[in-house]
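Engineer: Input: one structure, supplied below.
Where a number appears in this text, it was derived from the coordinates with a stated rule and is not lab data. Because the structure is predicted, anything quoted here is derived from the model rather than measured. So basically every Cβ, Gly included, is an ideal-geometry build from the backbone, and we count neighbours across all protein chains shown.
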Amino acid sequence: MHTSLSGKIHSEMRNLILSGELKAGEKLPSEPDLARKLGVSRNSLREAIGLLQKEGLLLKRHGVGTFVTDRYPIIKGGIERLSSIASFIESQGHSARSEVIQFEECVCDGRAGELLELEEGSIVYLLETVKYASEIPVAVCVDVIPRSFVSQIDPERIQGSVFEGLGKHYNIDIRYAECDLIPFKSDEGLSRKLRIDVGTSVLLLEQIHYDVQDRKVLYSKSYLPSGTFTFKLIRRR
């Protein structure tokens, strides 16, 4: 998250694009007119527009103007199927990339330990990653794996897809998950990682994953900013 004036302009314009107030294909006012409208200097505005261009949200056509693009990742899928966020991203034609923010071996406490039904003092592996779609951050994921199931983990083997990594390299076959969908407001740390404003609406997917023996082998939290993911649920009578 940016704190400079250009960063604040960037956040404001980004929110207008993601909310649909600035629509794909729409031409922005000229730089002088837009600077006057926002009450900012042209230099600050130019820096903000440059950031939005790098994110793929704006396209500048020389001699024509600056336009809102339709490239911002919107990832759609049925939530009833258990698959990785990377798979969701790639299924929509975007390139997927994961960046490891934190990996540590630690004592598990709090909600993760409670839901995994771990004894007090149990050791777990904690992996936090940022997921990118076409180089735009679209999710922050926190995964907790009890050490009782895996004696040693290489984060590079699971950072792209924890599901696939655990199955391929550690013989842990995840078959299903219990999932809670929780509305959430981003705090400062989450906003910085996702490049969104503090207080932005976020959907939290909290899940407990089970293997073929019905053991609780993974606790995960995925923070998805509003406007990035849409999930379809099929409801039957």
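Engineer: In straight Cα distance, which aspartates and glutamates are under 19 Å from Lys54, not counting same-chain residues fewer than 8 positions off?
Structural biologist: Those aspartates and glutamates meeting the cut-off are Glu12, Glu26, Glu31, Asp70, Glu99, Glu135, Asp197.
Engineer: Moving on. With a Förster radius of 30 Å, plug the Cβ-Cβ distance of Phe67 and Arg192 into 1/(1 + (r/R0)^6) and report the FRET value to the nearest 0.05.
Structural biologist: 0.60
Engineer: With just the Cα atoms defining each centre, how far is the range 1-66 from the range 202-237? Give it in Å.
Structural biologist: Cα centroid to Cα centroid, the span is 34 Å.
Engineer: Moving to a separate point now. Note down the nm distance, to one decimal, between modelled labels 7 Å out along Cα→Cβ at Leu204 and at Lys232.
Structural biologist: Between Leu204 and Lys232, the label points sit 2.9 nm apart.
Engineer: Name the residue farthest towards the positive end of the dipole of the chain from the options Ile101, Ile79, Gly56, assuming +1 on Cβ of Lys and Arg, -1 on Cβ of Asp and Glu, about the Cα centre.
Structural biologist: Going by the charge dipole, the pick is Gly56.
Engineer: Taking the alpha-carbon distance from Lys168 and a cut-off under 25 Å, which lysines remain once sequence neighbours fewer than 8 residues away in the same chain are dropped?
Structural biologist: Here the lysines satisfying the reach criterion relative to Lys168 are Lys131, Lys216, Lys221.
Engineer: Over all directions, average the projected area of the Cα convex hull of the chain and note it in nm².
Structural biologist: If I average the Cα hull's projected area over directions, I get 15.2 nm².
Engineer: Within straight cross-link reach of Lys60, meaning Cα distance under 20 Å, which lysines are found once same-chain residues fewer than 8 apart are removed?
Structural biologist: Filter leaves Lys23, Lys27, Lys37.
Engineer: Let me ask you something else. Please report Leu16, Leu22 as a ranked list, fewest other C-beta atoms within 10 angstrom at the top and most at the bottom.
Structural biologist: Sorted ascending by nearby Cβ count, the order is Leu16, Leu22.
Engineer: Still on this structure, please answer the following. What per residue convex hull volume, in Å³, do the alpha-carbon atoms of the range 65-181 yield?
Structural biologist: 131
Engineer: Continuing with this model, one more query. Applying the Karplus parametrisation 6.51 cos²θ - 1.76 cosθ + 1.60 with θ = phi - 60° to the phi angles of the range 20-27, what ³J(HN,Hα) value in whole Hz is obtained for each residue in order, glycine and proline being reported as x?
Structural biologist: So the Karplus estimates, Gly and Pro as x, are x, 5, 9, 8, 4, x, 6, 8 Hz.
Engineer: Please give the length that would be gained between Arg36 and Glu114 if that part of the chain were fully extended, namely 0.36 nm times their separation in residues minus their C-alpha to C-alpha distance (nm, one decimal).
Structural biologist: Answer, rounded to one decimal: 22.7 nm.
Engineer: Once you sort the root eigenvalues of the Cα gyration tensor of the range 5-68 as a ≥ b ≥ c, which label holds: rounded (a/c under 1.5), prolate (a/b larger than b/c) or oblate (the other case)?
Structural biologist: In terms of gyration-tensor shape, rounded.
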